[in-house]
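Accompanying notes for the structure given below.
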Amino acid sequence: MTLTLKQKLIGASLSAVVLMATALTWLAANQLNNQTRNGVYSRVNSLSTAATDGISDWVNIRRDIASAFNDHASQADVVPFLKQARNAGGFDDIFLGTPQGDMYRSHPERNRADYDPRTRPWYKDANSAGKQIITTAYQDAITNALLVTIAEPVRKNGQLVGVVGADVLIDQLIDDVINLDAGKNAYAMLINKQDGTFLAHPNKSLLLQPINRYSSAFSLSAIDTQMRSNQIENMQIKGVDKLVHFTAIPDTDWILGIEMDQATEEASMHSLMRQLFITSIVITIIVVAIVAWLVNFLFRDLMRVSDALAEIASGEGDLTQRLEPRSDDEVGQLALNFNRFVGNMHQMVMRLRDVSDSLGQQAQTTASQAEERSTRIQHQQDEINMVATAINEMAAATQEIAGNADNTAQTSGETVSAAEHGSTKLPKVSTRSLALPVKSKPQQV
């Protein structure tokens, strides 16, 4: 396909505009994506910091209150102190288990005769650790409430007095975590990294369940890697693209996780990118239209030159016409050069016409002379033909005379033969006297 110069210029302009628009759109989209990610990270980081600090303070207050009872653990009657600590800390219950198997509660009515604190996980773990611990969440065997136990061994003079345990209801904590305003289609969760289970999740069926039950992408190693990088990670959970961020809660074995829907978080960015893309297309169309109009405007003189040359090339052009330059640019220079070229052509054609006229006159003179010569030659040829005819007639007469001469000679020969034959019988007569005069044979011409 053959393209005109205008089409090539418009195509080059279109390519340049598209290339520039693509580069600018890509840069803007990249910048917009970074800003969106930074905005999401700032919001999540701010929320995580506030939430983890609040949870940590909530736990530390109860730890401090539980530890405050240690000074009274050796009292003869510890129940009043246990009640006081329960009220101060808002515990579901606070109790003391002794090495002898005795159990003292702030709710004495909950004591059971077959209950041996030394066999309970909170007692053994705290005694084994030698420091205050927080157990994993569990349902209380008596109240069926969801709680954790803050347990700490109490020693006096190096001897174990007992292990103090405080049952902390985490139902309110779970509600607070679930109700965190993490944004649209986003929510918070609480994970216990001791056993990799959920302490809080909007899906109630996942409470105290392993985190990989929710998604195979969830694992403690992956969570630890994300927390070390302190970045938002992309995960596909149940076929949906998600953004997740995890933060360790200080002084606990708990992890606060925030899960966000990627499509929701990037909806505004995608909307802006669509607007940016549409704007780029509209600007490209407008620029191409302006370039096309400008090229047509600038090519008017060039088209006049082209039309004039086409008219000249067709053989019907008027070499006396000239173009009026309307600018001092290359097109104007082309018009001037065109005028100069056509002027030279016009002068050349005029000279050629004069030469042609002169040659025509000379040709006519030569033709007249040639015609006169032809007439003379024809006349001479006619005369030659007459001479040739006469010669032919003379040759024919000569041939006829020669024939007659041959016949006469033959007759004479016969006569001589007869005479010689008769002489043998007659007296010999001299042949000289009988010779007849004979005409000489004419020479052929």
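For Lys8, the accessible area of its heavy atoms, probed at 1.4 Å with every protein chain present, is near 120 square angstrom. Here the simple spin-label model places points 7 Å from the Cα toward Cβ, and for Ala402 and Ala289 these points are separated by 11.0 nm. Net charge dipole, the chain: roughly 920 debye, given to the nearest 20, about the Cα centre with Cβ charges of +1 for Lys and Arg and -1 for Asp and Glu. Computed FRET efficiency, Cβ-Cβ of Asn111 and Thr264, R0 45 Å: what is it to the nearest 0.05? The computed FRET efficiency comes out at 0.30. Accessible area per residue (1.4 Å probe, heavy atoms of protein chains only) ranks Met303, Met386, Met189 as Met386, Met303, Met189, with the largest value leading. Helix-only arithmetic for the chain: the sum of -39500 (n - 2.57) across DSSP H runs with n ≥ 4, divided by the residue total, places the mean residue ellipticity at 222 nm at -20000 deg cm²/dmol. Remark: accessible surface ordering of His107, His72, His245 (largest first) is His72, His107, His245, probe radius 1.4 Å. Surface composition of the chain: carbon and sulfur atoms hold 55% of the protein heavy-atom accessible area at a 1.4 Å probe. Looking at the range 28-135, the accessible area is 51 square angstrom per residue; that uses a 1.4 Å probe and ignores ligands, DNA and RNA.
In a fully extended conformation the segment linking Asp57 and Ala367 would gain 98.7 nm over its present Cα-Cα distance, using 0.36 nm per residue.
Ordering Trp26, Trp122, Trp58 by accessible surface, largest first, gives Trp26, Trp58, Trp122; the 1.4 Å probe counts only protein heavy atoms, with every chain in place. Computed with a 1.4 Å probe on the full set of protein chains, the accessible area for Ile391 sits at about 90 Å². Please work out the Cα center distance from the range 191-244 to the range 3-56, rounded to the nearest Å. Cα centroid to Cα centroid, the span is 30 Å. A full extension of the chain between Thr389 and Thr411 corresponds to an added length of 4.6 nm, given 0.36 nm per residue minus the alpha carbon distance.
Helix 220-229 against the longest principal axis of the chain: what's the angle in degrees, Cα atoms only, rounded to the nearest 10? Computed tilt is about 70 degrees. Axis angle, to the nearest 10 degrees, between helix 5-68 and the longest C-alpha principal axis of the chain: 10 degrees. For helix 267-298, report the angle its Cα long axis makes with the longest principal axis of the Cα atoms of the chain; keep it between 0 and 90° and round to the nearest 10°. For helix 267-298, the angle is close to 20 degrees.
Projecting the Cα positions of Val282, Ala418, Ala395 onto the charge dipole of the chain (unit charges on Cβ atoms of Lys, Arg, Asp and Glu, taken about the Cα centre) puts Ala418 furthest along the positive direction.
Dipole orientation for the range 1-156: of the candidates Phe69, Pro108, Ala16, Ala16 has the Cα lying most toward the positive pole (charges on Cβ; Lys, Arg +1; Asp, Glu -1). Between the range 248-314 and the range 132-163, what's the alpha-carbon centroid distance in Å? Centre-to-centre (Cα) distance: 66 Å. Spin-label pair Thr136-Leu5: with each label point 7 Å from Cα along the Cα-Cβ axis, the two points sit 8.4 nm from one another. Checked against a 28 Å cut-off, the cross-linked pairs Lys156/Lys193; Lys131/Lys204; Lys184/Lys238 give Cα-Cα distances beyond that limit for Lys156/Lys193; Lys131/Lys204.
Per-residue SASA remark: Val295, around 20 Å² accessible (1.4 Å probe; ligands, DNA and RNA not included).
With the other protein chains left in place, how much accessible area per residue, in square angstrom, belongs to the range 220-318 at a 1.4 angstrom probe?
Details: 5520 Å² over 99 residues.
Value returned for the range 220-318: 56 Å² of accessible area per residue.
The values are calculated or read from the model by the stated rules, or taken from the named source; none is laboratory data. Everything numeric in this text was worked out from a predicted model, so none of it was measured. Cβ: placed from backbone, ideal geometry, glycine included. Neighbour counts: every protein chain shown. Just so you know, the surface numbers come from the protein's heavy atoms only, side chains and all, with ligands and any DNA or RNA stripped out. Shrake-Rupley method; radii C 1.70, N 1.55, O 1.52, S 1.80 Å.
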